[in-house]
Structures are given as C-alpha cells and as structure tokens.
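This report refers to the structure that appears directly beneath it.
Any read-out appearing in this document is the output of simple, stated calculations on the displayed coordinates, not a laboratory observation. Note that the coordinates shown come from a computational prediction; the quantities given were computed from them, not determined experimentally. Note that we place each Cβ from the backbone using ideal geometry, even for glycine, and neighbour counts take in every protein chain shown.
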Amino acid sequence: MVKHKLPLFYQDLLQHWFSFKNLHRKIPHNFREIRMQVLWGNQFIKLSGQNKTLIFHNWIESGIYFLNDILDVNGKISHNIVLPKLLKKQNWIAELNSIINAIPSAWKSTITNRESILSKVKTILTPLDDRFTKFTNKDLYQYLLRQHENKTYTERMWETKFGIEPYMWNQLYTNIYNCCPDNRIKQFK
C-alpha cells in the first residue's frame, strides 16, 4: 500500500476547516434553536441506524429548508404543511417518514410544548447565510485564516528560520513590488 503525504498547504487548510466546523457544533436545546435548524446536511438530523445526513433536492428546490418549514400550528411535523409546498410529489411520503425518524425525539417533545406552539420563529435565508456558496477555495482558505488568525506553515517557518517578527509581514509583502524589477519574481509572493 502506497502512503501519500499531504502537502503542508492542504494540512493547514484542513486544520482550519475542522476548527471552523467545530465552532458550529453547538447542540440546540431550546425550541427556537431547534425550529431554526436546517434539515439538510445537519449533523444532528441523521437517518436512523445510519450515520448519514439527509439531503432531498426536491425539498430544497421547493423552499423547505428549516424544521420550522414543516411544522403545523401544534408544533408537529405535518403532511398538510409539506404536500402543498412540494413542487414534485414523487416519493414524498417515504421522504417525510425519513425526516420524522431522523429528528431526535427530544427535539420533537421540545417543539410541541406550549411555549413553542405560542411563539413565532423567524427562519429566512439571508445573504449572510449564502456567503460561502460564492467562495472559491482560495477565498475560503483566506477567510479561515482571518477567522482564527493562525499563521500559515510558510510564515511560521520563515519566522523561525530568519527571526521575522509578525508585524513585518505586511511590509515584506509590499516590498517585493518595490525591489523586484521582473514580474516573474514577484509571482513567488
């Protein structure tokens, strides 16, 4: 078996991705948080006996994103709410049963309590929620770096090897344009 060593850039990228992902692992407990949960790809809503999250493209195309989108006035998951919203109705009963079975039973009891039923929960997709769909890999990598303010492997190596202070990086990056007459050398930034 051949073992491949992952390049340091990708190791950094994966490290930042996993640390970013772990920031959003908070388990929802109150009815507002539960009703605002996205149904698709949610780590807390998985098929029974399997470790797979749900993704029904037809439901997504029909505008059903949140748990709140399939609840009736009594806080129960209702086919009377789901059926009119679905654009394509093939296999909807099996998919609805999969969703019902995938939702944790503690959540079901929480969303049917009196306080939850009497409250309105606003669940809309904002442009902020859509920000990651337009990112390129490079944009996402830069975003993750800014979020955690961790240095890349290259910056850590040069700081150790040459004693470069952290505040000097901006100056070094801009100096390359002043010092290098040839554009090919500037590309190694």
Neighbours by Cβ (under 7 Å, 6+ apart or cross-chain): first from region 153-165, closer than 17 Å to Asp12 by Cα; second exposed (fewer than 12 other Cβ atoms within 10 Å of the Cβ) and acidic (Asp, Glu): none
Residues of region 57-103 satisfying the condition of being within 22 Å of Val121 (Cβ to Cβ) and part of a loop (DSSP other than H, G, I, E, B): Ser62, Gly63, Ile64, Tyr65, Asp72, Val73, Asn74, Gly75, Lys76, Ser78, Leu86, Ile103
Going residue by residue through region 39-51, is there one that turns out to be closer than 23 Å to Glu115 by Cα and surrounded by fewer than 17 Cβ atoms within 10 Å (Cβ to Cβ)? yes
